[in-house]
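Novice: Here it is, the structure, as structure tokens.
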Amino acid sequence: MEQAAPDLERPLQPAPLEPLGHPDAGPEAAVGEEAEGAPDEEDPGDRTMTENNFCLKKIEISVSEAEKRTGRNAMNMQETYTAYLVETRSVEHIDGPSVLTDSLWRRYSEFELLRNYLLVYYPHIVVPPLPEKRAEFVWHKLSADNMDPDFVERRRIGLENFLLRVASHPILCRDKIFYLFLTQEGNWKEIVNETGFQLKADSRLKALNATFRVKNPDKRFTELKHYSDELQSVISHLLRVRARVADRLYGVYKVHGNYGRVFSEWSAIEKEMGDGLQSAGHHMDVYASSIDDILEDEEHYADQLKEYLFYAEALRAVCRKHELMQYDLEMAAQDLASKKQQCEELATGTVRTFSLKGMTTKLFGQETPEQRESRIKVLEEQISEGEQQLKAKNLEGREFVKNAWADIERFKEQKNRDLKEALISYAVMQISMCKKGIQVWTNAKECFSKM
Amino acid sequence: MSGGLPKALPSTGPHSLRDMPHPLAGSSSEEAVGGDGTPSPDLPTARSFGDKDLILPNGGTPAGTSSPASSSSLLNRLQLDDDIDGETRDLFVTVDDPKKHVCTMETYITYRITTKSTRVEFDLPEYSVRRRYQDFDWLRSKLEESQPTHLIPPLPEKFVVKGVVDRFSEEFVETRRKALDKFLKRITDHPVLSFNEHFNVFLTAKDLNAYKKQGMALLTRVGESVKHVTGGYKLRSRPLEFAAIGEYLDTFALKLGTIDRIAQRIIKEEIEYLVELREYGPVYSTWSALEGELAEPLEGVSACMGNCSTALEELTDDMTEDFLPVLREYILYSDSMKSVLKKRDQVQAEYEAKLEAVALRKEDRPKVPADVEKCQDRMECFNADLKADMERWQNNKRQDFRQLLMGMADKNIQYYEKCLTAWESIIPLLQEKQEAK
């Protein structure tokens with residue numbers, strides 16, 4: 001199920017079509033229509049490497065630096081922002097050296113632009129998320145300031161991660177805009193805007209919680225949407241509590257530092273006990289300062305969770321798009337059905353449905369046979385058009401479902417892999433913390449034994 | 001010593017007064033005795049100051065450390081004490097088995113006191129009595145009264161804020177029991193206090209209340225004489241060593257206070273950490289319910305955190321029950337020691353004042369009146385007892401703190417080991433099935 005990268009000159013094309021009798025597709029959506037396979041467009045099943053292919057094997061991407069800049073914004077006011085250096089290296093041979101091929105500076109808003117573009121052009125893909133715009137889930141030692149060097153550093157890593165995710169996605173990696181993002185610094189924004197993707201964006205997607213009554217929802221998507229909501233909720237909760245836990249743990253360790261000073265003062269008045277107390281105090285200082293590194297490592301775990309918090313949002317977006325598609329389909333089918341009925345009534349003379357024409361006819365007199373004929377003709381044209389559109393919509397819908405579901409499966413496996421790794425590394429962090437604790441207290445105990 | 005001597009024989013003080021020849025007077029034993037009461041018929045009088053021979057009121061042979069003696073031999077015996085481990089100990093006291101008594105007027109706890117001894121002061125080799133806190137309090141007062149030149153160990157705090165602490169909770173009772181046990185053991189280990197009559201009665205009497213009511217003034221001679229020391233004399237100069245002890249105790253108490261506050265703060269932070277942990281773990285469980293392949297790993301993490309929470313709770317309980325009370329005990333100890341130091345100052349002040357008064361009168365002969373001699377004896381006795389006790393106290397303090405701090409380190413090690421085990425055990429769970437997929 002390969003998809004050719006959208007050509008910038010051509011308007012948005014639907015994905016290559018393949019016949020699919022999806023069991024869950026709403027029966028009304030396929031009202032009377034049997035999906036016929038439109039001829040396959042070229043189906044490059046073997047992933048030919050075009051020059052635009054940025055699948056991970058071929059290149060290395062890194063966001064290596066962050067720099068504070070000042071410039072003028074759209075309203076010609078001075079602003080400070082951070083720019084990130086995006087470097088691309090190509091690897092000619094496996095295990096061979098990598099050669100720097102491209103290097104340019106991007107700011108966060110450009111990353112956002114890229115992502116928004118991808119969301120519009122690949123509605124069936126779970127698009128990788130960006131790191132958070134503003135620092136959230138901070139515990140007291142972390143800064144919520146966007147200019148704070150630690151935040152900037154973690155964001156740098158997050159942006160790099162985003163690019164790597166896109167580059168390793170079998171479909172997204174071929175996108176030309178993505179390619180240009182990595183290779184063409186100037187004018188990139190204009191090119192993206194020229195695609196007109198903002199116009200194509202369905203404004204209804206912005207209304208996240210507006211409900212569209214879909215008569216035959218796809219159960220799988222409904223479940224998936226529900227799952228993504230729950231996942232967002234549980235990870236948010238987890239991150240919030242984790243931040244509080246980090247805060248408390250910090251407090252516990254730091255208070256122990258006070259022992260260092262008081263033991264030292266006490267040792268001054270003691271004879272035999274003095275040395276033991278003094279050296280034990282030193283270990284208490286070591287203990288107290290060890291928490292800083294420990295918690296810094298843990299932030300990495302929090303970032304991994306955050307990525308999936310935002311991924312859940314992306315997942316939800318796909319479900320939402322499907323919902324809207326389904327809704328549009330049902331509306332179109334409904335409209336077609338009502339037109340057909342009107343046509344039938346006109347032809348047979350029976351009035352079953354209310355129509356304005358019918359009313360006026362009653363009020364102002366019947367129309368001439370010629371008038372009726374012309375009306376029937378118009379309706380028949382409309383019906384024919386509607387049937388075509390419905391067919392297209394059906395196929396589009398089925399294709400969407402197929403492709404989306406394929407990506408969702410890919411995403412699920414990625415998620416399970418990544419989160420397991422994250423949990424393992426978290427456990428490893430905890431183990432390391434415990435071992436350090438044992439070490440310090442064993443040292444202290446030995447000092448006490450020499451008192 | 002059997003039979004002949006009255007049971008009310010005091011165990012210290014007067015012997016040393018009588019035995020020590022007065023430094024100002026000649027070596028006549030009569031003068032040394034000074035005429036304040038007839039010596040016990042069985043008591044031999046010793047001549048030499050600093051005699052290494054143990055003076056025994058009961059006339060028996062020295063049985064290791066069982067007998068009181070002159071202050072010099074007291075010091076010697078202290079040295080002997082250090083060399084002796086449990087083998088030649090002849091008195092063992094334990095506090096255990098707390099029981100709640102519900103009466104119409106009140107509810108209270110009693111503890112069983114078990115005594116095993118080969119000392120002749122005890123009629124039976126073994127005793128078992130029940131005592132309540134009040135009784136301990138009474139004992140301590142009596143010891144302070146009758147042995148004012150010695151350092152009396154502290155009791156756990158008497159009053160507890162009602163509503164904050166449950167007087168009948170297992171933890172509180174156990175903490176108190178340990179402190180009471182320590183109290184009695186410290187007295188048992190003391191070469192002078194362990195022979196105190198009140199202590200003996202406390203350990204053995206079936207009806208302690210009846211004895212209390214008798215109100216017998218079983219003061220030692222020194223106790224008696226120190227009791228009458230009037231305050232109001234200005235101390236000229238404190239001997240260096242006692243000044244040093246005073247300063248030491250001041251700083252010591254200060255540092256302990258700081259440590260107490262730090263320890264309390266740590267426990268508080270740990271409890272708050274525990275509260276958050278107890279919310280944190282279950283969220284992984286909630287998440288687990290949403291997932292398929294991740295369900296087991298997430299549930300495993302949740303269970304692991306539950307184990308860590310339990311371990312943390314055990315740590316905070318231990319610190320509250322075992323660490324803090326001992327710190328507080330030592331703060332009380334040093335407070336009571338400072339009072340004894342003050343009393344010593346008063347005794348010295350009185351002596352100096354009287355001596356000066358005599359010097360001023362300048363009678364025909366610088367014959368030292370008896371009461372001035374008494375003052376001097378009193379002072380020197382006090383100094384000697386206090387010095388000996390301080391040395392003993394310093395040694396014990398060192399042991400106690402060594403044990404206390406090692407215990408604290410141990411508890412923390414155990415906590416981390418429990419957590420380590422928990423986390424290490426879920427690594428295989430987290431890693432499994434990845435290959436199987």
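Novice: Apply the a/c threshold of 1.5 to the C-alpha gyration tensor of the range B:251-385 and tell me whether it is rounded, prolate or oblate. Intermediate values should be presented prior to the final figure.
Specialist: Details: a/c = 11.08, a/b = 6.72, b/c = 1.65.
Taking the square roots of the gyration eigenvalues as a ≥ b ≥ c, the range B:251-385 is prolate.
Novice: Lys pairs in the range B:298-437, Cα-Cα under 27 Å, at least 8 apart or on separate chains: how many?
Specialist: 21
Novice: For a test of the definition: using alpha carbon positions, the gyration tensor, and the 1.5 limit on a/c, classify the range A:56-130 as rounded, prolate or oblate. Numbers along the way, then the final one.
Specialist: Working: a/c = 3.46, a/b = 1.36, b/c = 2.53.
Oblate, because a/c is 1.5 or more while a/b does not exceed b/c.
Novice: Sticking with this one: What is the pair-distance distribution P(r) of the range B:322-397, computed from all Cα-Cα distances in 10 Å bins starting at 0, with each bin given as a whole percent?
Specialist: All Cα pairs considered, the percentages come to 17, 34, 23, 15, 8, 3, 0.
Novice: Another one. Where the centre of each part is set by its Cα atoms, how far does the range A:225-264 sit from the range A:423-451, in angstrom?
Specialist: The range A:225-264 and the range A:423-451 have Cα centres spaced 19 Å from each other.
Novice: Here is a follow-up. Label the range A:135-261 by shape, choosing from rounded, prolate and oblate, from the square roots a ≥ b ≥ c of the eigenvalues of the Cα gyration tensor; if a/c is under 1.5 it is rounded, and otherwise prolate applies when a/b is larger than b/c, oblate when it is not. Can you show the working numbers first?
Specialist: On the way: a/c = 2.82, a/b = 1.46, b/c = 1.93.
Oblate.
Novice: Something else about it: Say R0 is 51 Å: what FRET efficiency, to the nearest 0.05, do residue A:341 and residue B:278 get from their beta-carbon distance?
Specialist: Taking R0 as 51 Å, the efficiency between residue A:341 and residue B:278 is 0.20.
Novice: Quick check: net charge around residue A:189, other residues with Cβ under 12 Å of its Cβ, Lys/Arg +1 and Asp/Glu -1?
Specialist: So the environment of residue A:189 carries a net charge of -3.
Novice: Under a point spin-label approximation (7 Å from Cα along Cα-to-Cβ), what is the residue B:321-residue A:107 distance to one decimal in nm?
Specialist: Rounded to a tenth, the inter-label distance reads 6.2 nm.
Here, each number is a calculation from the coordinates, and none is a lab measurement. Bear in mind the structure is a predicted one, so any value in this text is a computation, not a measurement. Ideal geometry is used to build each Cβ from the backbone, glycine not excepted, and the neighbour counts take in all protein chains shown.
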